[in-house]
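A.B. asks: Mind having a look at this structure? Questions to follow.
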Amino acid sequence: MHRLTLDDGTIAETAERGAAMHALVRELFPLPRSITGAGLRATVRRLGDIVPLEVTEVPSGTPVFDWHVPNEWSIDEAFIEDGHGRRIVDIAASNLHVVGYSVPVDTTLTLQELRPHLHSMPERPDWVPYRTSYYAPTWGFCLADGVLTSLPEGRYRAVIRSRIAPGSLTLAEHLHVGATTDEVLVFAHDCHPSLANDNLSGVAVAVHLAAYLRQRATRYSYRFLFAPATIGSITWLARHAADLSRIRHGLVLSLLGGAGPFHYKKSRDGNRPIDRTAGRVLRAAHPDSRVVEFSPWGYDERQFCSPGINLPMGRLTRTPNGEFPEYHTSADNPDFLAGGQLGEAWLACLRIFAALESDRRYVNLQPNGEPQLGRRGLYRTTGGHRHVPERQLALLWVLNQSDGTVSLQDIADRAGLPFSLISEAAAHLETAGLLAEAP
Amino acid sequence: MHRLTLDDGTIAETAERGAAMHALVRELFPLPRSITGAGLRATVRRLGDIVPLEVTEVPSGTPVFDWHVPNEWSIDEAFIEDGHGRRIVDIAASNLHVVGYSVPVDTTLTLQELRPHLHSMPERPDWVPYRTSYYAPTWGFCLADGVLTSLPEGRYRAVIRSRIAPGSLTLAEHLHVGATTDEVLVFAHDCHPSLANDNLSGVAVAVHLAAYLRQRATRYSYRFLFAPATIGSITWLARHAADLSRIRHGLVLSLLGGAGPFHYKKSRDGNRPIDRTAGRVLRAAHPDSRVVEFSPWGYDERQFCSPGINLPMGRLTRTPNGEFPEYHTSADNPDFLAGGQLGEAWLACLRIFAALESDRRYVNLQPNGEPQLGRRGLYRTTGGHRHVPERQLALLWVLNQSDGTVSLQDIADRAGLPFSLISEAAAHLETAGLLAEAP
Amino acid sequence: MHRLTLDDGTIAETAERGAAMHALVRELFPLPRSITGAGLRATVRRLGDIVPLEVTEVPSGTPVFDWHVPNEWSIDEAFIEDGHGRRIVDIAASNLHVVGYSVPVDTTLTLQELRPHLHSMPERPDWVPYRTSYYAPTWGFCLADGVLTSLPEGRYRAVIRSRIAPGSLTLAEHLHVGATTDEVLVFAHDCHPSLANDNLSGVAVAVHLAAYLRQRATRYSYRFLFAPATIGSITWLARHAADLSRIRHGLVLSLLGGAGPFHYKKSRDGNRPIDRTAGRVLRAAHPDSRVVEFSPWGYDERQFCSPGINLPMGRLTRTPNGEFPEYHTSADNPDFLAGGQLGEAWLACLRIFAALESDRRYVNLQPNGEPQLGRRGLYRTTGGHRHVPERQLALLWVLNQSDGTVSLQDIADRAGLPFSLISEAAAHLETAGLLAEAP
């Protein structure tokens, strides 16, 4: 077991991890996911092959804050046939062709009558858009605008063989137990059907982070949570409202396989340790990355950062939701991702974790004057030199600032010294009995 | 009764109000005002024709904080005659010709003996300056320097038929009762004699604001206070020291009829809601307006913002006191003002009031996660769209930020959305039972 | 007795003080100082001729925080002889030639065996460096690199006749008693042997500040502390830990006789009154001066600003330690200093003291509205003027801001008025009974 310091081995592992994540995305892509149901369960089962998962089924109708867990949706078949019995649109080709949570239907209509149930993207005539209607009972199909506009007048048969009935919503968690019960929460929504970047990329990065951590000893415990967007995080939060104080930092992961630069979106408060740490790590490792302010739009940070919850959680993506054309369309498929990009995202998360692990607050146990470092072998024995070596300066900075409120990262920033030097100085001082971690 | 939202009707009313205010200034101009006495009472009587006023007479000698209410000053006649009995200077021509609170005199002097009692402005030889001596018993005349320098040597008779005797100081108030007892205090000093911009403009705007509000239902109560400068506000404050906590916002009004851009002068603390609101309103409606820092010089904000009182009151003027040549001279007459400018000032004040009225703090009643907006008809029923409509984003922002400490204006600023959208979102959420106004 | 306001006399005295300080530096230069011992005691004795000193001898072995007072070091003789009995290096030429706290030795060695005990500066072949080894028992010599490199192979005799034995550490203090027991602490380390700027310059300036203050009445008490670096300040702090709260401001003085601009180094907190005052004074009097952030490296501010002590103490130097080539070498001799520069430093310190003395916080005793200044003769008796004289504006600012938390310097900054005007206004208001000094 190693401490969570990133070494050459970790970096060397990145390419292999990237390839494995990309393969996982391809494998999960066809499963008919929704916010409940068989596709979601199959996805969770596959993730459970990689790391052990605790799976919770929450029955339909369970009240969760202002919501109730919805009925479960199953779908066997869905298509539109023209007058000649030719299938114009078929869920067998892509899960996106059916509006999520469509009620069952088997009816024959004129094209004009059918039109209100059809969704397309005129600006991208080859792409199929993604649509859902979880809470208003309706049915519909999504199709390429090129197909839609080529349909002749006539009668069409629309068939959706679905069931919406009491069942359950599936939550899956992996807990990596660290030295303390303080937790880092990592969340990836797993309800989107055949979309790769949103959010199989986040799912794949999260599960491979969990797999990596299994080989490592950590200070924090790390909880990886896979759940449907919105209702999944709300359900989990409602069930764990009493335990949230153990969450010290958190990240929502999504959109990590595309080509854009990293975007870290701050927590609601905007100045939590995760915000400062993620900003520092990304600035150093990815100069083109951006830090953006919180807004109550996006992914499940909307729930984790609601005013009654207000967790110290940020969000890591590459180009954010809605800002690239393939978003929520059939063009967001596995070919849109690259293994190298997934690997880089995985490594960026590990860098953030490593920085969180090493960023501690200490109390100087000899705070009156400087302690005598010389007799502890921590200081050169001759005096009078013009300059102080950086290693000794780092010791002095850590001692001077460690009043229990200032973190090592803060000290590195104030001192203008590399974090590694400050962190190493703290370790020496702790060994020498001059420093104790702050409660 | 309407809510205090400004509509086309309000804006259309501006020109008419401007003309009425200008006419009022012309009518009040000749009255022989001072910090006490008949001219002040006649002024208040005229204002009472426009809105009901509660008039308080505070007897001379009443202790008010560090001061006493002064004796009352009356004046029947005042002139200087030359050796031929020609009146060189006569109060009948302008109230400015006599130093305010001059003691009675009837004496014949050489020009040289007279000179220390004469005030002129060599740099503006045609204008008569304004001078007072409320607390040091003396007498004097103000006259054009051109007249003064043309006086031949010889003997002159100076006559002032005044009385300084126990009486009372006149305070006048109009209270517009709103839905709450929280108050907006509007103050205009009404003691200056024949000066139009300082401060008949402030008096006219204040009384027409009061008249307008009578047609409207408001959340705040609005108190319009007309009182002599300095001693008037001190007297009022001393009598109401126990009730000042109900004053949530306030404005001192003066110099509103001239041609310069609006100047909002901040409260002593500089970051009260009135400061932020007035700044926002003026920036939006009058890009050439300026916001200036507090200083303890100027008008009655000196009293309202003294350290023991420290009310959240700013001051609205156009070009400030002392910064235009006509200030405190006979050139500050009704022709120096324009009805359009008075109307614009009246409307600017209403805009500030409307912004204060609508800027509330709310508490999200479902603060854990987002509430289910869809089932309340507040959210579109299909999901998956690339962009969120601004109206829905406004709902999310209001919900996310409403922890009871953040105002709607603050939310609009943080969200970068128009205030109207945020305010409307809050109204919808309140109707839906998701939001309650913060106590 | 005069108040501590700097007048023409003070400024005229600067040149004479500068010359006296320079002479004192020359006189003290040859004494064999170390952190204990005879040279230190002789130095203190000489300072006691200038101002009365309370001298404390703290026995070796006394525990002081994390340290113990070290044994006392005495040295009678130290030299290196070549094979011909010629003295290559001799402490008689300069105290710098022996590593401070060298243990006794009398041995004959080859040049190669001797080399590890020899310290030189190859980059400055004519200069002798300064080295110490207080806490690791060893011996050594410092010499010019030109001498070292010219030594032929052969055998050399190294002799150090020193004793390290129980004795005591010498602290010397002068307390100037002011009107209050609140103290300004001035610290100069006095342990460096034949080095002029570091720190006979600080010692000389401190003792002449003490001498000057003896002629003056002050509000604060001023404590001048002369002690060895590090162990001296630690020893003093350990003995006075209970009384440190009386120290309201402090300055560490060093490196004041060279040619560079003043550098004020901030206290650990960085925003104490001493930081703001020193910054203001230096900006005004020495536009080329610099204010630098705190760091835990340098002189005894390291101890005074340790986290458990955290006194409001800054440091005044000219070019800081390590930033000029002569630092800690034989080139830092009395000729490196100039009397004018010492005098200028002395005056800069007095300016800081004067600013501290006059920077008070007051409470307005008539805080409700403005008090009636006219009846107290503090306000012009005629009203209506366009502009307010600065003297009256200063009165209004002091009254408006004096709630007990804001200092006169802060008021001057906010008002944009000269401090002298604000200070004078406060004096008038205090005399008038309108202002009381804040507790």
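A.B. asks: How far apart are the C:Pro137 label points across copies, placing each 7 Å from Cα toward Cβ, in nm, shortest first?
C.D. replies: Here C:Pro137 shows inter-copy label distances of 9.5, 9.5 nm.
A.B. asks: Then there is this: Please list the helices of chain C that count as membrane-span-like by this rule: a mean Kyte-Doolittle hydropathy of at least 0.5 together with Cα atoms stretching 24 Å or more along the helix axis, each helix being a complete DSSP H run.
C.D. replies: Counting only whole DSSP H runs, the qualifying helices are C:339-358.
A.B. asks: Restricting to Cα pairs below 8 Å that are 6+ residues apart, what does the relative contact order work out to for the range B:202-322? Please round to a whole percent.
C.D. replies: Once normalised by length, the contact order is 35 percent.
A.B. asks: Still on this model: Label position 7 Å from Cα toward Cβ: report the copy-to-copy distances for B:Ala19 in nm, one decimal, ordered from shortest.
C.D. replies: 8.7, 8.7
A.B. asks: Averaged across the residues of A:377-384, what count of C-beta atoms belonging to other chains lies within 10 Å of each residue's C-beta?
C.D. replies: 6
A.B. asks: List B:Ser295, C:Ser402 from most exposed to least, where exposure is judged by having the fewest other Cβ atoms within 10 Å.
C.D. replies: Result, fewest neighbours first: B:Ser295, C:Ser402.
A.B. asks: Now a separate question. Please report the orientation-averaged projected area of the range A:184-293, defined via the convex hull of its C-alpha atoms, in nm².
C.D. replies: So the Cα hull casts an average projection of 7.8 nm².
A.B. asks: Whole number please: convex hull volume per residue, Cα atoms of chain B, in Å³.
C.D. replies: Each residue corresponds to 144 Å³ of Cα convex hull volume.
A.B. asks: Sum up the charges of everything whose Cβ sits under 13 Å from the Cβ of C:Gly416, counting Lys and Arg as +1 and Asp and Glu as -1, but leave C:Gly416 out.
C.D. replies: Residues close to C:Gly416 contribute a combined charge of -3.
A.B. asks: Check the axis relating chain A to chain B and name the residue of A whose C-beta is nearest, distance in whole Å.
C.D. replies: Output: A:Asn271, 11.
A.B. asks: Can you give the FRET efficiency to the nearest 0.05 for C:Leu109 and A:Arg391, using r as the Cβ-Cβ distance and R₀ = 30 Å?
C.D. replies: 0.40
A.B. asks: Run the helix sum for chain C: -39,500 (n - 2.57) per DSSP H stretch of 4+ residues, divided by residue count, reported at 222 nm to the nearest 500 deg cm²/dmol.
C.D. replies: That comes out to -9000 deg cm²/dmol.
A.B. asks: Debye calculation, C-alpha points only, no solvent: report log10 I(q)/I(0) for the range A:61-202 at q = 0.18, 0.19 Å⁻¹, in the same order as the q values.
C.D. replies: Each listed q maps to, in turn, -1.08, -1.17.
A.B. asks: Among bridges DSSP assigns within the protein assembly as shown, what percent are antiparallel (round to 5)?
C.D. replies: Taking every DSSP beta bridge within the protein assembly as shown, about 65 percent pair in antiparallel fashion.
A.B. asks: When DSSP beta bridges are limited to those with both residues in the range B:94-197, what percentage is antiparallel, rounded to the nearest 5?
C.D. replies: Percentage antiparallel, nearest 5: 70.
A.B. asks: Lys and Arg at +1, Asp and Glu at -1: add these up for the other residues within a Cβ distance under 15 Å of C:Trp297 and post the number.
C.D. replies: The answer is +2.
A.B. asks: Farthest toward the dipole's positive end in the protein assembly as shown, which of B:Gly416, B:Leu148, C:Pro63, given Cβ charges of +1 (Lys, Arg) and -1 (Asp, Glu) about the Cα centre?
C.D. replies: The one lying farthest along the dipole's positive direction is C:Pro63.
A.B. asks: Would you kindly work out, in nm and rounded to one decimal, the distances from the label point of C:Ser420 to those of the same position in each other copy, ordered shortest first, with label points 7 Å along Cα-to-Cβ?
C.D. replies: Counterpart label points of C:Ser420 in the remaining copies fall at 5.8, 5.8 nm.
A.B. asks: Let me ask something else about it. Can you give me the Cα centroid spacing of the range B:79-93 and the range A:25-74 in angstrom?
C.D. replies: The range B:79-93 and the range A:25-74 have Cα centres spaced 100 Å from each other.
A.B. asks: With all pairs of different alpha carbon atoms counted, what Kirkwood hydrodynamic radius in Å does the range A:1-88 show?
C.D. replies: After inverting the pairwise mean of 1/r, the radius is 17.3 Å.
A.B. asks: Further question on the same structure: Sort A:His84, A:His240 so the one with the fewest other Cβ atoms within 10 Å of its own Cβ comes first.
C.D. replies: With the fewest neighbours first, A:His84, A:His240 line up as A:His84, A:His240.
A.B. asks: What residues of the range C:51-81 lie in the reach of a label at C:Arg155, counting those whose backbone N is under 19 Å from a point 7 Å from the Cα along Cα→Cβ?
C.D. replies: Within reach of a label on C:Arg155: C:79-81.
A.B. asks: Here's something else I'd like to know. How would you rank B:Val281, B:Val105, going from fewest to most other Cβ atoms within 10 Å of each one's own Cβ?
C.D. replies: Neighbour counts put them in this order, fewest first: B:Val105, B:Val281.
A.B. asks: As an exercise, find the ratio Rg/Rh for the protein assembly as shown from alpha-carbon atoms, using the Kirkwood inverse-distance average for Rh.
C.D. replies: Rg/Rh for the protein assembly as shown comes to 1.08.
A.B. asks: Further question: With only Lys, Arg, Asp and Glu charged, each at its Cβ (+1 for the first two, -1 for the last two), find how big the charge dipole of the range B:30-189 is about the Cα centre; round to the nearest 20 debye.
C.D. replies: It works out to roughly 420 debye.
A.B. asks: Roughly how crowded by other chains is peptide C:95-106, in terms of the mean Cβ count from those chains within 10 Å of each of its Cβ atoms?
C.D. replies: 1
A.B. asks: So, with +1 on the Cβ of K and R and -1 on the Cβ of D and E, and no other charges, what is the size of the charge dipole of the range A:342-421 about its Cα centre, to the nearest 20 debye?
C.D. replies: Dipole about the Cα centre, nearest 20: 400 debye.
A.B. asks: Something else now. Return the FRET efficiency for the residue pair A:Glu77, A:Glu54: r is the Cβ-Cβ distance, R0 is 25 Å, and the value is rounded to the nearest 0.05.
C.D. replies: 0.15
A.B. asks: Another question, if that's okay. Which one of A:Tyr220, A:Tyr264, A:Tyr134 has the biggest mean-square fluctuation once chain A is modelled by GNM with Cα springs under 10 Å?
C.D. replies: Evaluated over chain A, the most mobile residue of the options is A:Tyr134.
The numbers here are math on the coordinates, done by the rules we state, and not lab data. Remember, it's a predicted structure, so these values are computed and weren't measured experimentally. Reconstructed Cβ throughout: ideal geometry from the backbone, glycine too, with neighbour counts over all protein chains shown.
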